[in-house]
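Following: one structure in structure tokens, then a few remarks.
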Amino acid sequence: MKRRNFVTTGMVALAGLALILVGQGCQKENKQITLGFSQIGAESEWRTANTKSIEESAKAAGIDLKLSDAQQKQENQIKAIRSFIAQKVDVIAFSPVVETGWEPVLREAKEAKIPVILTDRAVDTKDDSLWVSFMGSDFVEEGRRAANWLVEKTKDQKDPVNIVELQGTVGSAPAIDRKKGFEEVIKDKPQFKIIRSQTGDFTRAKGKEVMEAFLKAEGKNINVLYAHNDDMAIGAIQAIEEAGLRPGKDILIISIDAVKGAFEAMMAGKLNVTVECSPLLGPQLMTAVKDLMAGKQLPKRIVTEEGVFPMETAAQEFPKRKY
Ligand code: AHR
């Protein structure tokens, strides 16, 4: 009798233990995922759309998002990443304002066993085990697409084509790569010449200011403006109009992003073409975070698919634009 009681009690205890273990397993699976995201800032229409996409997708995916705005400063991003490590978030993601200088903080994240996903912009590190995946556009290809459009557009022209270039933030991946891709296409074509090139820091205000300086220095010598983003192009359009010239006609304007503001400028005949760079990375990022937490391996590189929109297509495309 006593023995039977002993066996029964043992079996009940074992069943209880099994239930607790199963429960704990479920709890682990359903555990709220915390994602620390360090955003560059709010320098452009593109960036605002990118932040919105990340916030909305985190909410839809039930992920607890800790979002920090670095106001275009690398030191603020480094501080944010350190604070995410101290808070023991599950995953860190960030869009690096510049390419270099990330090694130490990424090493700290790795030592804390917190995986890091790069979104939108890449880093330049010797050790690429410091981050698990990079998702975003191919900026070199965007530069090539911009130049290919220009080559095609001016194919019957014999005169020299003088180009001014508004570069993005100094040291940032899109500024480096968009310049590289564009130059790669025109380098064997001597009629294309970049006569001035300066940073406009991806903002409208700076784009306008630098274009004013270009116009002062070169006047009617400028045939083409190549802006590394739409915001700088939109700022430059104002400067061109204030100088008494017609943007889109007297000066051909090429830019990158394909935000709604660019479509409006194209429909007004003031911008000739925009090369798409999609900021809608939120859904992809949340899927990647969940996959990581489920123990799956992420591809090292996830490239966003994008198109080119010349002004002739603007009115038809505009209603479909999501950013
Ligand atoms: O990194 C993407 C770039 O950053 C966008 O082209 C620009 O508008 C933004 O600020």
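Modelled spin-label separation between Gln87 and Glu56, with each label point placed 7 Å from Cα along the Cα-to-Cβ direction: 2.3 nm. If you take every residue apart from Val91 with its C-beta less than 14 Å away from the C-beta of Val91, what net charge results, scoring Lys and Arg +1 and Asp and Glu -1? Here the charged neighbours net out to +4. Report the FRET efficiency, 1/(1 + (r/R0)^6), for Glu305 and Val170, where r is their Cβ-Cβ distance and R0 is 22 Å, rounded to 0.05. Efficiency, from the Cβ-Cβ distance: 0.20.
Dipole of the chain computed with +1 at Lys/Arg Cβ and -1 at Asp/Glu Cβ about the Cα centre; of Ile222, Val132, Gly248, farthest Cα towards the positive end is Val132. Counting only protein heavy atoms and a probe of 1.4 Å, the accessible surface of the chain is 54% carbon and sulfur.
Go ahead and run the numbers for FRET between Glu312 and Glu183, Cβ-Cβ distance against an R0 of 35 Å, rounding to 0.05.
Working: r = 27 Å, r/R0 = 0.76.
The pair Glu312/Glu183 has a calculated efficiency of 0.85.
A crude spin-label estimate for the pair Met267 and Lys216, with each label 7 Å from Cα along the Cβ direction, gives 3.5 nm. Counting only DSSP beta bridges whose two residues both lie in the chain, roughly 5 percent are antiparallel. Taking every DSSP helix (H) stretch of at least 4 residues in the chain, weighting each as -39,500 (n - 2.57) and dividing the sum by the residue count yields a mean residue ellipticity at 222 nm of -15000 deg cm²/dmol. Modelled spin labels at Glu242 and Lys322, positioned 7 Å past Cα toward Cβ, are 3.6 nm from each other.
With contacts taken as Cα pairs under 8 Å at a separation of at least 6 residues, the stretch 139-277 carries a relative contact order of 25 percent. Extension gain, Gln297 to Lys153: 0.36 nm times the residue separation minus the Cα-Cα distance gives 47.5 nm.
Rounded to the nearest 20 debye, the dipole size of the chain about its Cα centre is 1360 debye, using +1 on the Cβ of Lys and Arg and -1 on the Cβ of Asp and Glu. Ordered by solvent-accessible area of protein heavy atoms (1.4 Å probe), largest first, the residues Arg246, Arg321, Arg144, Arg178 come out as Arg246, Arg144, Arg321, Arg178.
Rolling a 1.4 Å probe over the heavy atoms of the protein chains gives the stretch 177-323 an accessible area of 46 Å² per residue. The Cα center of the stretch 227-260 and the Cα center of the stretch 104-148 differ in position by 30 Å.
Only one residue of Ser68, Ala58, Gly295 has its Cα farthest out toward the positive end of the dipole of the chain, where Lys and Arg carry +1 and Asp and Glu -1 on Cβ, and that residue is Gly295. Along its first, second and third principal axes, ordered by size, the stretch 139-277 spans 34, 33, 28 Å in Cα coordinates. If R0 is 51 Å, the Cβ-Cβ spacing of Asp250 and Lys73 corresponds to a FRET efficiency of close to 0.85.
Relative contact order for the stretch 130-208: 40 percent, from Cα pairs under 8 Å spaced at least 6 residues apart, divided by residue count.
Please compute the alpha carbon radius of gyration of the chain, then divide it by the globular-protein estimate 2.2 N^0.38 Å. Two decimals is fine.
On the way: Rg = 25.2 Å, N = 323, 2.2 N^0.38 = 19.8 Å.
For the chain, the normalised Cα radius of gyration comes out at 1.28.
Please tell me the relative contact order of the chain in percent, rounded to the nearest whole number, where contacts are Cα pairs under 8 Å and at least six residues apart.
On the way: 605 pairs, mean separation 54.8, N = 323.
Relative CO of the chain lands at 17 percent.
Across the options Gln198, Gly143, Pro174, the greatest Cα extent toward the positive end of the charge dipole of the stretch 141-206 (unit charges at beta carbon of Lys, Arg, Asp, Glu) belongs to Gln198.
The values are calculated or read from the model by the stated rules, or taken from the named source; none is laboratory data. Quantities reported herein were computed from a predicted structural model and do not represent experimental measurements. Note: ideal-geometry Cβ built from the backbone for every residue, glycine included; neighbour counts use all protein chains shown. To get the accessible areas, we keep the full protein, side chains included, count just its heavy atoms, and leave off ligands, DNA and RNA. Shrake-Rupley method; radii C 1.70, N 1.55, O 1.52, S 1.80 Å.
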